[in-house]
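The values are calculated or read from the model by the stated rules, or taken from the named source; none is laboratory data. Being a predicted model, the structure only gives us computed values, none of them experimental. Glycine also receives a Cβ, built like all others from the backbone with ideal geometry; neighbour counts cover every protein chain displayed. Note: accessible area is taken over every heavy atom of the protein model, side chains too, but ligands, DNA and RNA are not part of it. Shrake-Rupley method; radii C 1.70, N 1.55, O 1.52, S 1.80 Å.
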Amino acid sequence: MAYDAEDTRRRIFEAATAEFARYGLAGARVGRIAEEARANKQAIYLYYGSKEKLFAAVVRAKLEEVSRSVSIDPGAVAESIGQMFDWYQEHPDLIRLLLWEALEAGGAGAGDAERREAFRGKVRFLADSGVAPERKQAECVRAGQDLLFTLMGLIAWNFAVPGMCRAVLDEDDECAAYARRRRHVIDTARLLTSAYARSLS
């Protein structure tokens, strides 16, 4: 059977995602990643250079994945937030990876410049949506950044601390809690978006 480099990269990436989500950067082992991926360590270093670069590549790819999967509709921000809530529920690895990154890198993410530019693009729709044409675009973008970050936190906290979620909500039925929390997040996003629009009017 011919060697399939692309398939090897895919297996390494999938194994690394699971390993880093479970153990973080410091606790992850290249040997375990190689074993799970049915590859050798040399292939990992060949394709990614180091464990640190592999971790950065995994985080970057997962952020790009959610960006491709869920777009924020300027005319239906709250509904878009509901879709994002669903994505995070179905893909818990990203929250875990970001928490590990914050713990182990002191909040400094790899590729910060690229990440900042990507998120600037996400909030430009708020400045360009006609919400407040009389205000300067930079002010709209800044307010949109605050709104986006707040909404992201509103979503992420539901999945970052499941034990705290169960304790505060006093409910063991995860399906019922999920449905109720999703509705609450959407309703809150709608209120915050309305407040944002009023602040710029």
Practice problem: Kindly indicate whether TYR47 is assigned to a helix (DSSP H, G or I), modelled with pLDDT under 95, open to solvent by 40 Å² or more (accessible area, probe 1.4 Å) and in contact with a helix residue (DSSP H, G or I) (Cβ under 8 Å, 6 or more places away or on another chain). | Solution: yes
Quiz item: If only one of ALA108, ALA102 is at pLDDT 90 or above, open to solvent by 50 Å² or more (accessible area, probe 1.4 Å) and not hydroxyl-bearing (Ser, Thr, Tyr), which one is it?
Solution: ALA102
Quiz item: Pairs under 9 Å by beta carbon, first residue surrounded by 16 or more Cβ atoms within 10 Å (Cβ to Cβ) in region 141-165, partner among the polar types (S, T, N, Q), six or more apart or different chains?
Solution: ALA143/SER199; LEU147/THR193; LEU151/THR188; LEU151/THR193; LEU154/THR188; ASN158/GLN89; PHE159/GLN89; CYS165/ASN158
Quiz item: Can you pull out the residues in region 171-201 that are over 26 Å from CYS140 (Cα atoms), assigned to a helix (DSSP H, G or I), open to solvent by less than 70 Å² (accessible area, probe 1.4 Å) and at pLDDT below 90?
Solution: ALA176, ALA177, TYR178, ALA179
Quiz prompt | When residues of region 50-60 are limited to those that are touching a Phe, Trp or Tyr at 6+ places or on another chain (Cβ under 8 Å) and under 17 Å from THR8 (Cβ atoms), the one surrounded by the fewest Cβ atoms within 10 Å (Cβ to Cβ) | solution = ALA57
Exercise. Check region 62-70 and report whether any residue there is of a type in the set (Gly, Ala, Ser) and in a helix (DSSP H, G or I).
Key: yes
Quiz item: Which one is nearest to ASP112 (Cα to Cα) among residues in region 63-98 that are open to solvent by 40 Å² or more (accessible area, probe 1.4 Å) and touching a His at 6+ places or on another chain (Cβ under 9 Å)?
Solution: GLU65
Quiz item: Which ones in region 20-43 are open to solvent by 20 Å² or more (accessible area, probe 1.4 Å) and farther than 14 Å from LEU99 by Cβ?
Solution: ARG29, GLY31, ARG32, GLU35, GLU36, ARG38, ALA39, ASN40, LYS41, GLN42
Exercise. Please identify the pairs in which a residue from region 61-80 that is farther than 11 Å from LEU94 by Cα has its Cβ atom under 9 Å from the Cβ atom of a residue that is among the β-branched types (Val, Ile, Thr) and not in a helix (DSSP H, G or I), counting only partners at least 6 apart or on another chain.
Key: PRO74/VAL131; SER80/VAL70; SER80/ILE72
